[in-house]
Structure formats: structure tokens, C-alpha cells
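Chemist: Pasting a structure here, questions to come.
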Amino acid sequence: MSSAAAPAAVDSAAPPRAVQALGSALCVSTDFGPLILKPGDLITDHVIRSGCWDEHIVALARSRAAADSVAIDAGAHFGTLSCALATYFRQVHAFEANEDNVRYLQANAALRPFGQIVVHHTGLYSRATQISLAGRDLQEVRLEAAIDERAAFRQASNSGGLMFVAGGSGVNAISAVTLDSFALEDVGFLKIDCQGADGEVLLGAVDTIARCRPVVVFEWEEQLARSHSRTLVQTQQTLTELGYRLEILRDHNGKQVDYVAMPVR
């Protein structure tokens, strides 16, 4: 795997964004319109400072977007990236398993033109199965030990970092299906950030990738991936067989790496 130069990031030196309390949530002015966000969350704090999230992915999407194509945001969280992608693509399909995050995602989709962001409250995986939040011992996110798991997950300061697994804690249990089962057309951009399950999600999307030839961006966290069955080598092999070249888009901290896969044939 070679290292690709990261696209120019959205300016992070901009002044803090306008923030307004909205009940128990915050309404934040961003580069891509207003966002309803959870107070005290790591991603919320970043957006307030910079007006965007995953700036390097936004820059890549902007450079590769075709106005008549569709984007997929697998692991959409609050919809910060979904709303950015909606600026460049005809439609965004946003998938999120965590019911606590979906409420914010749905609110943000509702602030956009009807049908521009289609929210799917479901998990994505390599097969149809049941998933739920992994127990405390497997979570990378620090959880409050003095309260029960459901309350701890809800109060986590990095709700985007919570991991779902098959046979997990039973909290926020939900059915997971393959991306291929949706038979989406005109997919030009596929982003996967599913906290260790990215290889599983990608395996469940091979027909969509083969048919539509999108740019594929996914995150790999080796420690979290051990709770699933797919390795990075297997994921790279799958993409190679599909006619893709895999490169590093951004190495965040040595254990969390974003990859980009481009079709070469």
C-alpha cells in the first residue's frame, strides 16, 4: 500500500461557529448549513471549532463528485459528513445503527430538501445478522463505570467511537444487513466508518462496488477489527480483485487509518 497525499483540508483556522441551544441539543452553524448536535460530544466540539468534520474526506468527495451520482455514508453518526456530501451529490443514503445517534441524523436530514438525505436506521455487515453495542471490555471509548451500560453508552463523550458487534451487550440491539441488499444505483462515493466492522461492511457491498465503481473510503482500526472476522489483508485482496488500488488517505495516530480505494479498471 502506498501513501497518497491527503487532499487540502477545509480551513480549520476559521473562527468558532454560531451555536444556539435547542432544547437538550445544540444548533451549530457550519460550512454546510445548520447541524443539530449533541452537547459535549467530541465531534460536536470539533465542528464548533472548524465548521466541518472529516475535512480530508470532504475534500476528496468534492474533487471526485458527479452531480448526478449518489453517495453512501455508512456509519453516519449525527450526519455531519452526510450533510457535506449532500452538497456535492444528488442524494445521500446515510446508514446508522445507534438509535441515540439516529435522532440527530434524522433531525439534520429534515433540515435539508426532502429526499436529499435518506436515513436508514439499520446496521450494515457482511451478512444478515443481529448486532448490539459491544460490552465495556471491548469498547475503545471510555465509559462511566458507576452507571449501567445503557446509561454509560448514552453519556459517552465520543458517541461516534462506540462499537457494535454480533452477540454484544444487547444494548441498542438492531438487525444488520448487507449494503448490496438495497440494490442502490449510480453510487459514486462510498464512505465506511463502522468502528472495526469496515471490512465486514465492504464485503457486503461487493456487488454494489462492482456494478457502480465508486470511490471507496474506509477506516481501519486494528484493535477493533479483531472483534470481527475480516482482516485488512483480506479487505485489500477483495478490493484488488474488484479492480481497485488501495492507498492511505490519512494516518491519524498509528492505530486509526483512513484508506481510499480508486477503481483502476
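Chemist: Take the alpha carbon atoms of region 90-104, find their center, do the same for region 159-223, and report the distance between the two centers in whole angstrom.
Modeler: 13
Chemist: Would you please give the residues with an amide H less than 5 Å from that of Leu22, counting only those at least 5 places away or on a separate chain, with H modeled from the backbone geometry?
Modeler: Placed amide hydrogens put Cys27 under 5 Å from Leu22.
Chemist: Counting Lys and Arg as +1 and Asp and Glu as -1, each charge on the Cβ, what is the dipole of region 45-196 about the Cα centre in debye, to the nearest 20?
Modeler: Details: 12 positive and 17 negative charges, 42 e Å.
Dipole magnitude for region 45-196 comes out near 200 debye.
Chemist: Further question: Counting only residues 5 or more places away or on other chains, whose amide H sits under 5 Å from the amide H of Phe164 once H atoms are built in the peptide plane?
Modeler: Ala134
Chemist: Same structure, new question: With the other protein chains left in place, how much accessible area per residue, in square angstrom, belongs to region 107-178 at a 1.4 angstrom probe?
Modeler: Details: 3490 Å² over 72 residues.
Accessible area per residue: 48 Å².
Chemist: Take every Cα pair under 8 Å in region 195-265 that's 6+ residues apart, average their separations, divide by the length, and report that relative contact order as a whole percent.
Modeler: On the way: 107 pairs, mean separation 26.4, N = 71.
The value is 37 percent.
Chemist: Accessible area per residue, 1.4 Å probe, Å², for region 210-265: what's the number?
Modeler: Working: 2710 Å² over 56 residues.
Heavy-atom accessible area per residue stands at 48 Å².
Chemist: Ignoring ligands, DNA and RNA, what percent of the 1.4 Å accessible area of the chain is carbon and sulfur?
Modeler: Numbers: 5770 of 11230 Å².
Carbon-and-sulfur percentage of accessible area, whole number: 51.
Chemist: Can you give me the long-range amide H partners of Val187? Hydrogens built in the peptide plane at 1.01 Å from N, cutoff under 5 Å, separation of 5 or more residues or another chain.
Modeler: Excluding prolines and chain starts, which carry no amide H, the hits are Val70.
The values are calculated or read from the model by the stated rules, or taken from the named source; none is laboratory data. Small disclaimer: the values here were computed from a predicted structure and weren't measured. Neighbour counts run over all protein chains shown; Cβ positions are idealised from the backbone, glycine included. To get the accessible areas, we keep the full protein, side chains included, count just its heavy atoms, and leave off ligands, DNA and RNA. Shrake-Rupley method; radii C 1.70, N 1.55, O 1.52, S 1.80 Å.
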